[in-house]
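The values are calculated or read from the model by the stated rules, or taken from the named source; none is laboratory data. Source: prediction; values computed, not measured. FYI the Cβ positions are ideal-geometry reconstructions off the backbone, even for glycines, and counts take in every protein chain you see. For accessibility, only protein heavy atoms count, side chains too; no ligands or nucleic acids. Shrake-Rupley method; radii C 1.70, N 1.55, O 1.52, S 1.80 Å.
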Amino acid sequence: MFAFKASAQQGTHMFRAKILSKCAFRRKMSSRLVLGIETSCDETGAAVMDETGLILGESLHSQKEVHLKTGGIIPTVAQRLHRENIGRIVQEAMERSGVTQSQLSAVATTVKPGLALSLGIGLDFSLNFVKLHQKPFIPIHHMEAHALTVRMLQPVVFPFLVLLVSGGHSLLALARGIDDFLLLGQTLDEAPGDTMDKVARRLSLIKHPKCSMISGGQAIEILARDGNRLKFLFKPPMGAHYDCNFSFAGLRNQVTMSIQKKEEEEGVEQGTLLSCVNDIAAATQHAVASHIAKRTHRAILFCKAKDLLPSCNPTLVVSGGVASNQYIRKILKIVTDTTGLHLLCPPSKFCTDNGVMIAWNGVERLREGKGILSHTEEVNYEPK
Ligand code: KG4
Ligand code: ZN
């Protein structure tokens, strides 16, 4: 059996998986072990991790294909799929780790924020599990877990600036400790991943041969590579708002109106693939990227003016599903290069939802003795 430690070199974007020797593996097994469980949205994930961040076993079931077919997440469907899969996913992670329930030091589970029906499945399962095996329980905030994942990969010290961009969230925060975040800005309407998913649906990209099985954001990125963004000019959001908040709904409206206009020009019905999908994808991606970059730039200037970042190696961490986008990463690199910050983006696998990031947050809390509950305590989930 092999255990994987994801690690990275400071100053590069390169992360690598290290296979530990059997001897090192035995040594790691003597440290405290955490089972992490994630069900906040459309991924059922579980992972077993030791105190050093070594992933001993993991398993993930994605519902994305199902939701792609229905044109979005139907909460009751997500709930049913979590219910059908959670037992198997946790069992697989445990079996792959070679760890028994009695060897676990704690169970960490996402309890907020997310879809109520999805969170409920993970929490019910976890509370039954900890009661049965008499283990401590660590409730996890999903966004904190995204923000802290990078520390599993390399020793990033607090404070650092974090940008989280996904299908459900868009926020900028200063991470000052494992449970201490200063919120600098957040979306006032929808998240960038949601915007790109909706644009992709409006463009019927599911009918495109390159995009039938992938998320809207991925489809936009792939098509944009062959598009000319200058063919459509979308006004960047919130030009006159001097803060770090985001807004994507107005931009989506502009894109929808351009699509309608093109459909009329080409004399085709809604639902037909337009000849200019690549150009629309490129212009949409560029507008999303530049809005994210401008707000991030403002947050960096704010942190600098208030002396909130360390003078040695100030860092911007970018995570969430949208952080997989290479175009967005490239624009953010320009921002960090010009402001003297170090840009860190975990590999895509760790940017999207999984059990590993939850287990890691559990490890961080276990190490600091923060937020660890007894198996007898009442815990509720909080969707918002
Ligand atoms: O973090 P995540 O897996 O789930 C949550 O939303 O919490 O993120 C999924 C989102 C989707 O909206 C998807 O379209 C977007 O991330 N996404 C991307 C890319 N890959 C996934 N957006 C832009 N470019 C990508 N390459
Ligand atoms: Zn997420």
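Would you say V157 is open to solvent by less than 10 Å² (accessible area, probe 1.4 Å) and not hydroxyl-bearing (S, T, Y)?
The answer is no for V157.
With a cut-off of at least 3 residues that are surrounded by 14 or more Cβ atoms within 10 Å (Cβ to Cβ) and modelled with pLDDT of 95 or more, name the helices (runs of 4 or more DSSP H) lying wholly within the stretch 1-116. If you could, list the steps in order and put the result at the bottom.
Numbers: elements: 22-29, 64-70, 75-97.
The helices (runs of 4 or more DSSP H) meeting that bar are 75-97.
Could you tell me which residue of the stretch 355-384 is least open to solvent (accessible area, probe 1.4 Å), considering only residues that are in a loop (DSSP other than H, G, I, E, B) and modelled with pLDDT of 95 or more?
So the first thing to find is which residues in the stretch 355-384 are in a loop (DSSP other than H, G, I, E, B), and the list is 369-372, 374-384.
If we keep only those that are modelled with pLDDT of 95 or more too, we end up with 369-372.
Values: G369: 55, K370: 71, G371: 38, I372: 63 Å².
Going through the qualifying residues, I end up with G371.
Would you confirm whether any residue within the stretch 90-99 is away from ligand 1 (no atom under 14 Å from the Cβ) and more than 21 Å from H61 (Cα to Cα)?
No, the stretch 90-99 contains no residue that is away from ligand 1 (no atom under 14 Å from the Cβ) and more than 21 Å from H61 (Cα to Cα).
Does K349 satisfy the criteria of being over 30 Å from L56 (Cβ atoms) and basic (K, R)?
no
So S258 passes all but one of these: (1) touching a helix residue (DSSP H, G or I) at 6+ places or on another chain (Cβ under 6 Å); (2) open to solvent by 20 Å² or more (accessible area, probe 1.4 Å); (3) among the small types (G, A, S). Which condition number does it fail?
All conditions pass for S258, except number (1).
I need the full set of residues from the stretch 180-213 which are of a type in the set (V, I, T) and open to solvent by less than 40 Å² (accessible area, probe 1.4 Å), in order please. It would help to see each step written out before you state the result.
Restricting attention to the stretch 180-213, the residues satisfying the condition of being of a type in the set (V, I, T) are 187, 195, 199, 206.
T187, T195, V199, listed by residue number.
I want to confirm something. Restricting to the stretch 163-179 and keeping residues that are part of a strand (DSSP E or B) and within 14 Å of ligand 1 (Cβ to nearest atom), which single residue is most open to solvent (accessible area, probe 1.4 Å)? Quick ask: steps written out before the conclusion?
Within the stretch 163-179, the first condition is being part of a strand (DSSP E or B), and the residues that meet it are 163-165, 170-177.
Right, trim to within 14 Å of ligand 1 (Cβ to nearest atom) and you get 163-165, 170-171.
On the way: L163: 0, L164: 5, V165: 1, S170: 4, L171: 28 Å².
The extreme case among them is L171.
Can you confirm whether the stretch 128-143 contains a residue that is in a helix (DSSP H, G or I), open to solvent by less than 30 Å² (accessible area, probe 1.4 Å), within 16 Å of ligand 1 (Cβ to nearest atom) and out of contact with any helix residue (DSSP H, G or I) (no Cβ under 6 Å at 6 or more places or on another chain)?
Yes, there is a match, as at least one residue in the stretch 128-143 is in a helix (DSSP H, G or I), open to solvent by less than 30 Å² (accessible area, probe 1.4 Å), within 16 Å of ligand 1 (Cβ to nearest atom) and out of contact with any helix residue (DSSP H, G or I) (no Cβ under 6 Å at 6 or more places or on another chain).
From the list L301, L251, L273, which one is outside any helix (DSSP H, G or I) and away from ligand 2 (no atom under 16 Å from the Cβ)?
Selected residue: L273, the only one of L301, L251, L273 that is outside any helix (DSSP H, G or I) and away from ligand 2 (no atom under 16 Å from the Cβ).
Quick one: A147 ticks every box in (1) more than 17 Å from G45 (Cα to Cα); (2) within 16 Å of ligand 1 (Cβ to nearest atom); (3) among the hydrophobic types (A, V, I, L, M, F, W, C); (4) in a strand (DSSP E or B) bar one, so which box is it?
So A147 meets the others, but not (4).
Taking the criterion of being free of Cβ contacts under 8 Å to residues at least 40 places away in the same chain, within 16 Å of ligand 2 (Cβ to nearest atom) and in contact with a helix residue (DSSP H, G or I) (Cβ under 8 Å, 6 or more places away or on another chain), would at least one residue in the stretch 218-234 satisfy it?
Within the stretch 218-234 (the criterion being free of Cβ contacts under 8 Å to residues at least 40 places away in the same chain, within 16 Å of ligand 2 (Cβ to nearest atom) and in contact with a helix residue (DSSP H, G or I) (Cβ under 8 Å, 6 or more places away or on another chain)), the answer is no, since none of the residues qualifies.
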